[in-house]
Amino acid sequence: MNFSVTEPSVRTKWFAGITVVLYGLITIIPLLWIIATGFKTSEDAISYPPKVVFKPTLEGYVNLFTTRTRVNQDELEDLPPPETWYEQLVRDRGQVIASPSRYGERFLNSLIIGFGSTALCMVLGTAAAYAFSRFRLPLKDDLLFFILSTRMMPPIAVAIPIFLMFKNLGLSDTHLGMIMLYTAVNLSLSVWLLKGFIDEIPVEYEEAALIDGYTRFQAFYKVVLPQAATGIASTAIFCLIFAWNEYAFAVLLTSGNAQTAPPFIPTIIGVGGKDWPAVAAGATLFLVPVMVFTVLLRKHLLRGITFGAVRK
Amino acid sequence: MAEITLENISHSFGNVQALNGLNMTVPDGSFVVLLGPTGAGKTTTLRTVAGLESPDSGTIYFDREPMNGLTPAQRNVAMVFQQFSLYPHLSVRDNLAFPLKSPLLKTPPDVIEKKVNEVAGLLQIEHKLNNRATALSGGEMQRVSIGRALVRNPSVYLMDEPLSSLDAKLRTDLRIELKSIQSERGATLLYVTHDQIEAMTMATHVGVLDEGKLVQIGSPREIYENPVSIYTASRLGQPRINIVPADIFGNAPQNATWMGLRPEHIVQGEGTECTVSGIQRLGDQTRLHLKIHDHDIVTVTDAHTALNTGETILINADNPYFFDKSGDRIHP
């Protein structure tokens, strides 16, 4: 028998391979289902047994971005011929487009609030984490514990005080209010994560930069920040995912003006029957920004680029 | 370049008194090596001169200008750290150019190019200039690290055991390079090491530190041949100086408690009987471990000696050092 400590056996490899593939399938099937449903007709979407092979249509996407009214055959024939493919698509189903839906607006709100709070969280989080990592502060450990303790219960547990506070401060249903709220919730996580990353950067680099003629602040952004890029990127992804997907506060605190996409998507169900393809289309598009953001930052997530230049 | 004066510098970390009223002058253009065991205050002295630590009390002067409270940038010092501390996100070229691009120097690009190439040539790292700093061997990293100091023209170069993490061959090469660079430029250099060969070969002055105080400063030969105490005598010389009771060969001067014997102070073939307790053949020399009246001493003998363990030989002292009870030198 040959044994090797570095090379796993064939059986182990097969076992590992099958496990990974199974896990991958289980994770990705619901996602694929949602994406597929977005391209089905309403009938196909709820047919039983479920249709795996179907004729794709953009009906769901058209419905997502429009509000429509049903008209009878005579009225339909009186109308001028449709100018666009999507008008045609709607008329084929005995409807006309009444107005654009508010999905675009809600999506934009999600972008502003999600990326706004993530950016703010990174600026404040990096600054705080640097201070906690590098300076001798009074009550440092207590402060860090206090920051962490803000996450020891679900944020929604304080929904009522926050609701009242926002009402009194005029922050209800504003972008600024939601950015501040998500930043406050995420900040403890980002301070802790970033402190860990900055702790790993040896202080010798900054001392070397100070010696090389830079001020402490210049040393921070020329030497510490580039090396903390990995940590900042992964922390930013965590923060964005939370802010992007947050539902409960969004339902509670936003309505006409600053409503984000998550509370909007379920309202589609109520308009003109259960329009599952439109809901699925809304959910699919909603996935895109986080995926793009993650892919863009992926190269910063690869560790190891900073290893080995300081010998301990 | 500048003359550095430390006046009565004290510095503590919590309960640890790292520097305790240190007084020292580093003359302009000298190569001063600080010697002392771990915890003697060598690195703290460097960091205090650099401005990375501000002393609890005392004053630092560069050319008689007090420097307390000034940042490292304002003092214009260059330092090589024991750890390589290259900026890992920059190329070798950008690492070398980093000090020149600082707001302190704001060097024009063509001058940067010239200086970087010049230093890279000096340290034989030209072919690595476009590598990432992390894609270098340990020796190359440390040369870049030294290069980052050499591109500048600072008041003083500070080096904290820059060669300690390198292999023996490279250490020998860089020792010679550093010494020649320093004497060519007439640079003031303050250098910390544990390695007495570095101290003996490079220094114009050796400063011996003990518990945060300077106990002796002088040329390497002076420290070796004329130590003021057992402590400084033990810093230089291999094998280490033997410390035995002063009267072990009979007549000792008054007040002398201890006698210090370097190998060259031990004459073989006459005097007191002792037993050979061990023989270490090092190739170019052979070390004899001897037992005399229950005291162990180590000396050097002919490389091809015919002596064996257990044999008895006669030795005597020739012009040894005498020290009093507290370890201070006595001149009889």
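The values are calculated or read from the model by the stated rules, or taken from the named source; none is laboratory data. Everything numeric here is computed off the predicted structure, so don't read it as measured data. FYI the Cβ positions are ideal-geometry reconstructions off the backbone, even for glycines, and counts take in every protein chain you see.
Would you pick out the residues in the stretch A:67-91 that are touching a helix residue (DSSP H, G or I) at 6+ places or on another chain (Cβ under 7 Å) and either exposed (fewer than 13 other Cβ atoms within 10 Å of the Cβ) or without any contact (Cβ under 8 Å) to a residue 40 or more places away in the chain (or both)?
Listed by number, the residues that qualify are A:L76, A:P82, A:Y86, A:L89, A:V90, A:R91.
Among the strands (runs of 3 or more DSSP E) contained in the stretch B:3-62, which hold 1 or more residues that are more than 27 Å from B:R221 (Cα to Cα) and touching a residue at least 12 places away in the same chain (Cβ under 8 Å)?
Of the strands (runs of 3 or more DSSP E) lying wholly inside the stretch B:3-62, those with at least 1 residues that are more than 27 Å from B:R221 (Cα to Cα) and touching a residue at least 12 places away in the same chain (Cβ under 8 Å) span B:4-13, B:16-26, B:57-62.
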When the stretch B:200-238 is checked residue by residue, the ones that are of a type outside the set (S, T, Y), over 25 Å from B:S10 (Cα atoms), assigned to a helix (DSSP H, G or I) and under 13 Å from the mean Cα position of the chain (by Cα) are B:M200, B:M202, B:P220
Residue that is nearest to the chain's Cα centre (by Cα), among those in the stretch B:131-147 that are aliphatic (A, V, I, L, M) and assigned to a helix (DSSP H, G or I) = B:I146
Could you list, in sequence order, the residues of the stretch B:148-161 that are under 26 Å from B:P103 (Cβ atoms) and either within 12 Å of chain A (Cβ to nearest Cβ) or part of a loop (DSSP other than H, G, I, E, B) (or both)?
-> B:R148, B:A149, B:V151, B:R152, B:N153, B:P154, B:S155, B:V156, B:Y157, B:L158, B:M159, B:D160
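Rundown of residues vs (1) surrounded by 18 or more Cβ atoms within 10 Å (Cβ to Cβ); (2) in contact with a Ser or Thr (Cβ under 8 Å, 6 or more places away or on another chain), yes/no style:
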residue: B:F31; (1), (2): yes, yes
residue: B:G41; (1), (2): yes, no
residue: B:A50; (1), (2): yes, no
residue: B:S57; (1), (2): no, yes
residue: B:Y61; (1), (2): no, yes
residue: B:R64; (1), (2): no, yes
residue: B:L70; (1), (2): no, no
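Hey, does the stretch B:156-175 have a residue that's of a type in the set (D, E) and closer than 15 Å to B:M79 by Cα?
Yes, the stretch B:156-175 contains a residue that is of a type in the set (D, E) and closer than 15 Å to B:M79 by Cα.
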Residues in the stretch B:97-119: is at least one touching a Ser or Thr at 6+ places or on another chain (Cβ under 7 Å), part of a loop (DSSP other than H, G, I, E, B) and closer than 20 Å to B:I181 by Cα?
-> yes
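With the stretch A:1-79 as the region, which helices (runs of 4 or more DSSP H) entirely inside it contain at least 1 residues that are at pLDDT below 90 and within 28 Å of the chain's Cα centre (by Cα)?
Output list reads A:42-46, A:59-65.
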Considering the stretch B:120-130, residues that are surrounded by fewer than 18 Cβ atoms within 10 Å (Cβ to Cβ) and part of a loop (DSSP other than H, G, I, E, B), and then whichever is farthest from the other protein chains (Cβ to nearest Cβ), we arrive at B:Q124
A:G94: surrounded by fewer than 15 Cβ atoms within 10 Å (Cβ to Cβ), over 30 Å from A:T254 (Cα atoms) and small (G, A, S), yes or no?
-> yes
Could you list, in sequence order, all residues of the stretch B:35-86 that are within 11 Å of chain A (Cβ to nearest Cβ), farther than 16 Å from B:V156 by Cα and modelled with pLDDT under 90?
-> B:Q82, B:Q83, B:F84, B:S85, B:L86
Residues A:G177, A:G170: which one is small (G, A, S) and surrounded by 19 or more Cβ atoms within 10 Å (Cβ to Cβ)?
-> A:G177
Kindly list, by first and then second residue, each pair from a residue in the stretch A:97-116 that is under 15 Å from A:A250 (Cβ atoms) and without any contact (Cβ under 8 Å) to a residue 40 or more places away in the chain to a residue that is of a type in the set (K, R) and surrounded by fewer than 20 Cβ atoms within 10 Å (Cβ to Cβ), limited to pairs with Cβ atoms under 7 Å and residues at least 6 apart or on different chains.
-> none
Return yes or no: is A:A159 touching a Ser or Thr at 6+ places or on another chain (Cβ under 7 Å) and within 29 Å of A:L285 (Cβ to Cβ)?
-> no
Residue pairs qualifying under the 6 Å Cβ cut-off, at least six apart or on distinct chains, with the first in the stretch A:147-161 being within 10 Å of A:V185 (Cβ to Cβ) and the second being surrounded by 14 or more Cβ atoms within 10 Å (Cβ to Cβ), are A:T150/A:S188; A:R151/A:S188; A:P155/A:V185
Matching residues in the stretch B:239-288 - criterion: being hydroxyl-bearing (S, T, Y) and either within 26 Å of B:R329 (Cα to Cα) or under 27 Å from the mean Cα position of the chain (by Cα) (or both) = B:T257, B:T272, B:T286
Exactly one of (1) in a helix (DSSP H, G or I); (2) under 14 Å from B:V32 (Cα atoms); (3) at pLDDT 90 or above is unmet by B:L178. Its number?
-> (3)
Inspect all residues belonging to the stretch B:155-164 and state whether any of them is in contact with a Phe, Trp or Tyr (Cβ under 7 Å, 6 or more places away or on another chain) and more than 30 Å from B:L96 (Cβ to Cβ).
-> no
In the stretch A:212-256, anything within 16 Å of A:L108 (Cβ to Cβ), of a type outside the set (S, T, Y) and either at pLDDT 90 or above or buried (at least 22 other Cβ atoms within 10 Å of the Cβ) (or both) is listed as A:L240, A:A243, A:W244, A:A250
For the stretch A:200-211, how many residues meet the condition of being more than 8 Å from chain B (Cβ to nearest Cβ) and either modelled with pLDDT of 90 or more or surrounded by fewer than 21 Cβ atoms within 10 Å (Cβ to Cβ) (or both)?
-> 3
Screening A:S190, A:S172 for residues that are in a helix (DSSP H, G or I), farther than 30 Å from A:P80 by Cα, in contact with a Phe, Trp or Tyr (Cβ under 9 Å, 6 or more places away or on another chain) and of a type in the set (G, A, S) leaves only A:S190
Condition test on B:V116, is it under 23 Å from B:S155 (Cβ atoms) and either within 14 Å of chain A (Cβ to nearest Cβ) or surrounded by fewer than 20 Cβ atoms within 10 Å (Cβ to Cβ) (or both)?
-> yes
Of the residues in the stretch B:87-105, those that are more than 10 Å from every other protein chain (Cβ to nearest Cβ) and either free of Cβ contacts under 8 Å to residues at least 40 places away in the same chain or closer than 16 Å to A:R216 by Cβ (or both) come to B:R93, B:D94
